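Presented below is the structure to which this report refers.
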Amino acid sequence: MSIPSFKLGLVINPFAGIGGSVALKGSDGIETREKALALGAAKLANTRTRLALEELLSLKDKVHIYTASGEMGEALVAEMGFEHTVVYQQQAAQSEARDTERCATLLQQQNVDLLLFAGGDGTARNVCHIVGESLPVLGVPAGCKIHSGVYAVTPQAAGRVVAMMVQGEIVTLQEAAVMDIDEALFRQGRVNARQYGEMRVPSELRYIQAVKMGGKESDELVLSDIAAHVIEFMEEHPERLFVMGSGSTVDFIMQELGVSNTLLGVDLVQNQQIVAHDVTASALLEYTTNQATTLVITLIGGQGHIFGRGNQQLSPDVLKQIGREHFLLVATKSKLQGLNGKPLIADTGDADLDAQLAGVISVTTGYKDQVLYPIAKF
């Protein structure tokens, strides 16, 4: 008796994350997407979904994919040679939330074994609105905002979880929160996240991310020590350009430096003065060309991501140009302890670069105080 094919539902939000590299902090709304495209942003959701599906290439004869037309799934799976059925035709040139929801409805009716979707928190909300906890789901991280616990830590990790299920490995399901924030407030530097529901996800802990821990660091003495260390380094190297990543820890450093900061963007500092605010990926590449540069970054509490979550301006080209040896990673020890032993995650969108970044890295946790902590290899 032959085993029936694994029925994989797939829906891609083609515009997910398009505003990240051009500092628009999201992709909600036609105007935002059109502005992002005009600024030269690339649509990467299909590229990131490809990374997930590549983990299934050796299992193609065991998988049948049900998906939507065009960039919402069909084009990619056809190109990769998967057997597939199109259950939904996209209604307009630019896919909208209603397209995701209509496709999810039809995939639910197909009784798929797993619904794989690519996007950000807005896409997760759309899927949750339709399927709730009625069937297993898993997100491929592709958006600017990824606070929800329904996403894999990287696209490759998503593919590996699906592969486990296809091969019949026992995978426990657990309820995970769907979170989202107000994009308008996000663009003003305010994070107002709330829960919109729960969905059931495969609970393979190596590969599924935690819900982002919100709030600012409370231990100001420790943060002051970290800031003092970074500012002293700036004083010793006035010729260097400092790329200041997003997040509350870096924000505290900027406050101590006495300069304005884009909490949820990337700013440039040289000789302890602001050079540019909220820069895009392309501008960063220009600024850092033939310029000695240090990248100051922190990690997302509870998740451990250092790249690929809300800082898409730090593109693979920018990171390669700066060089891993010039990354100044800052975090309190309590923030590291909050990871409960899980490694840091680099999800740059470039698998080769992610592999190069893997390994132990020095984390500044106070004044002239560093610890070594691993970056995962997927």
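The values are calculated or read from the model by the stated rules, or taken from the named source; none is laboratory data. The shown structure was predicted, so the numbers you read here are calculated from the model rather than taken from an experiment. For neighbour counting, all protein chains shown are included, and Cβ atoms are generated from backbone atoms with ideal geometry for every residue, glycine included.
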Notebook entry, point to check: How about segment 224-249: which of its residues are surrounded by 21 or more Cβ atoms within 10 Å (Cβ to Cβ) and under 25 Å from the mean Cα position of the chain (by Cα)?
Noted result: 242, 243, 244, 245, 246, 247, 249
Next item on the list: Please work out if residue 27 is at pLDDT below 60, within 14 Å of residue 349 (Cβ to Cβ) and outside the structural domain of residue 277 (by TED's automatic domain parsing).
Entry: no
Next item on the list: Kindly provide the set of residues from segment 339-378 that are small (Gly, Ala, Ser) and within 16 Å of residue 226 (Cβ to Cβ), ordered by number.
Entry: 362, 366
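Residue by residue, here is whether (1) surrounded by fewer than 22 Cβ atoms within 10 Å (Cβ to Cβ); (2) in the same structural domain as residue 251 (by TED's automatic domain parsing); (3) not acidic (Asp, Glu) holds:
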site	(1), (2), (3)
329	yes, yes, yes
335	no, yes, yes
341	yes, yes, yes
347	no, yes, no
354	no, yes, no
361	yes, yes, yes
366	yes, yes, yes
Next item on the list: Please work out which one of (1) surrounded by fewer than 18 Cβ atoms within 10 Å (Cβ to Cβ); (2) closer than 24 Å to residue 179 by Cα is the condition residue 81 fails and give its number.
Entry: (2)
Item checked: Residues of segment 71-108 classified as out of contact with any helix residue (DSSP H, G or I) (no Cβ under 9 Å at 6 or more places or on another chain), of a type outside the set (D, E, K, R) and at pLDDT 95 or above, total -> 3
Margin query: So in segment 270-325, with the set limited to residues that are of a type in the set (Gly, Ala, Ser) and closer than 19 Å to residue 350 by Cα, which one is surrounded by the fewest Cβ atoms within 10 Å (Cβ to Cβ)?
Written below: 323
Next item on the list: For segment 44-66, enumerate the residues that are among the hydroxyl-bearing types (Ser, Thr, Tyr), surrounded by 21 or more Cβ atoms within 10 Å (Cβ to Cβ) and assigned to a helix (DSSP H, G or I).
Entry: 49
Checklist line | Output for segment 89-130, where each listed residue is part of a loop (DSSP other than H, G, I, E, B) and of a type outside the set (D, E, K, R) | finding: 89, 90, 91, 92, 93, 94, 95, 110, 111, 112, 120
Notebook entry, point to check: Going by the structure shown, is residue 91 polar (S, T, N, Q), in the same structural domain as residue 165 (by TED's automatic domain parsing) and over 25 Å from residue 209 (Cα atoms)?
Noted result: yes
Notebook entry, point to check: When segment 242-280 is examined, which residues are found to be among the charged types (D, E, K, R) and under 23 Å from residue 220 (Cβ atoms)?
Noted result: 251, 256, 267
